[in-house]
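Novice: Structure provided below as structure tokens; questions to follow.
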Amino acid sequence: MFVLFQTGKALNWKWLFLFNAFCFFPFLLAAQLDFNTNCQLAYKNVLSLQFQKAEKVLCIEKTVNPANLTPVYLENYIDFLAAFIKEEQPLFEKFRKDQDKRFQILEQADQNSPYYHYFLGNLHIQSAILKTKFGEYRSAAIEFSQAYREYKENKKLFPDFLPQYAGIGLVHVLAGIVPDNYSWLLKLFGMEGDIQLGLAEISKVAEYPGNDESYNIFRLEALFYLSFIDVNLGKDTENAIHILRNFEKLNASFPEPSNPLFVFVKVAVLSKAHMNDEILSTLELYQANAVDFPFCYLDYLTGLAKLNQLDPSADRYFIRFLKNFNGRNYIKSAYQKLAWCFLLRGDFKKYQEYIKMPLDRGNIFIDGDKQAFREAQSKDIPNIFLLKARLLYDGGYADKALHELLDHSVKEIVKNNRDLLEYHYRLGRIYQESGDLIKALSYFERTIQEGSNLPFYFAANSALQSGLIYEQRKEFPNAEKYFRICLKLDYPEYKTSLDQKAKAGLQRVKKHLH
């Protein structure tokens, strides 16, 4: 309650109402969305994870231009990235609570601005992404549908407003890979899934050729989207590397060119291309400083890159990640990889000590954590020859991986049916990487025949990779056949990600089939 005193008496409520109206009503009338120079600088700092710098700029903007509500949107972006990267429940709850208030504030802004529905749509997208990460899938679907409605309305009012197409495209892509058991949600909320359309819409922003800085600044965000969609759904590495090179050119104009988010994206793309040496160079050159928001996952990625070289120093990066990260994902996987470090050294006691950790630490949301949990449950020690071949292949050291398998007899390597299945699968992957596609297809076919009724992912990924090879060779009916084989197989490991890639493959080849 506001009580003002005048000569010892409470000010008449009528005058109090007029006082409040005088102070606030003009502000509400003038509320605007101006993505001006200050906001552009703050936005760049946000994407560079320079949150303190961004907040200082936003404080100046709010002082100089108090009617501008764009800082409200950017403050929400800061909270979104903090919760997304650290994955801590209190940060998610703070984001949720503060975002409700921010919606109410932004809804008071000028509805004739192209940023009005665009900002509201982005707030819904950010909320949807976090709710997905924290396991609130139904609520996330509602947020996606609300984002879609905001974008559609904005597109109707301002069809030439470029930035909105990144958000529209992201919704189209994500709707295109929704698991079958959630497809009813798309119909319920009137969303359409189309991966190729979505990629084209995002590319429209990412490849903007003009000089309008108010548009050009959004290219980096669109390139983030494109990079991770291509890493997870793309058919080959060539396009991913093309996106990365565009990313590098644009990122140079940002306040902190080696910012952690860029390093994260670059490593993801290079991982798909199996360019492990460049991954290590990228991670080792990156030096976090005091004003950077901590990005502990980069320690996990460094450990993984070291492990792909069979480097025994990998363990210290996983240990540092586990010490500093209090989030939800990759905990089980990090303990598994730490156990592998000791297994590669021949220290079975330490392996057994660390492989037990995934049983009661971390969560089971992502495929890597699920696979680590299953290994911990099975109590089966990984086949050391196959493990080395897998790690070397992942790092792009195909020749070394091949020698790891061919320099030993099959009898020496293979101890059971699962080993034989993985042995054929690994040879298929290595020959695929080396460019010997005839041998690759032969080993993939053997894996499919031997493993279709077994609870392992080898047959499914063999089918997926066969589909990608046939797509590359423009043998589209065969590509469709193997993508469908991948989708129909039943197994627990990596099923979500493999199904998404197979669905994306079907969408790409369908236009060539009729």
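Novice: In whole angstrom, how far apart do the alpha carbon centroids of segment 350-396 and segment 41-76 sit?
Specialist: That distance is 43 Å.
Novice: Arrange Ile243, Ile381 by Cβ neighbour counts within 10 Å, fewest through most, would you? Before the final figure, lay out the partial values.
Specialist: Details: Ile243 25, Ile381 14.
In order of increasing Cβ crowding within 10 Å: Ile381, Ile243.
Novice: Tell me, Kirkwood radius of segment 406-514 from alpha-carbon pair distances, in Å? Show your work: numbers first, answer last.
Specialist: Values: mean 1/r = 0.0711 Å⁻¹.
Radius from the Kirkwood sum: 14.1 Å.
Novice: Is the C-alpha gyration tensor of segment 274-426 telling us rounded, prolate or oblate? Criteria: a/c under 1.5 is rounded; beyond that, a/b larger than b/c is prolate, otherwise oblate.
Specialist: oblate
Novice: Relative contact order for segment 328-429: what percent, with Cα pairs under 8 Å and sequence separation of 6 or more?
Specialist: 22
Novice: Sticking with this structure for a sec: For Kirkwood radius over Cα pairs in Å, the choices are (1) 35.7; (2) 24.1; (3) 25.1; which was calculated from the structure?
Specialist: Entry (3).
Novice: Next question, about the same structure. What whole-number volume per residue, in cubic angstrom, does the convex hull of the C-alpha atoms of segment 31-237 give?
Specialist: 125
Novice: In degrees, nearest 10, range 0 to 90: what is the angle between the Cα axis of helix 164-176 and the longest Cα principal axis of the chain?
Specialist: Once rounded, one gets 40 degrees.
Novice: Run the reach check for Lys350 against aspartates and glutamates, Cα to Cα strictly under 12 Å, same-chain hits fewer than 8 apart removed. What comes back?
Specialist: Asp315
Novice: Any idea how far apart Cys59 and Asp360 come out in nm if each label point goes 7 Å out from Cα toward Cβ?
Specialist: It is 4.6 nm.
Novice: State whether segment 47-151 is rounded, prolate or oblate according to the following rule on the C-alpha gyration tensor (a ≥ b ≥ c being the square roots of its eigenvalues): a/c under 1.5 gives rounded; otherwise a/b larger than b/c gives prolate, and the remaining case gives oblate. Provide the component values of the computation, followed by the final result.
Specialist: Working: a/c = 2.26, a/b = 1.21, b/c = 1.86.
Here segment 47-151 falls in the oblate category.
Novice: Once both axes come from the Cα atoms, what is the angle between helix 89-106 and the longest principal axis of the chain, in degrees from 0 to 90, rounded to 10?
Specialist: So the helix axis and the longest Cα principal axis differ by about 40 degrees.
Novice: Which value at 222 nm does the chain reach when only helices count, each DSSP H run of 4 or more adding -39,500 (n - 2.57), with the total divided by all residues and rounded to the nearest 500 deg cm²/dmol? Let's see the in-between values first.
Specialist: Working: 28 runs with 366 residues, N = 514.
After summing the helix terms and dividing by residue count, I get -22500 deg cm²/dmol.
Novice: Quick one: helix 260-272 against the long Cα principal axis of the chain, what's the angle to the nearest 10°, folded into 0 to 90?
Specialist: In the chain, helix 260-272 runs at an angle near 30 degrees to the longest axis.
FYI, it's all coordinate maths here, none of it is from the lab. Worth saying up front: this structure is predicted, and the values here are computed from it rather than measured. Note that we place each Cβ from the backbone using ideal geometry, even for glycine, and neighbour counts take in every protein chain shown.
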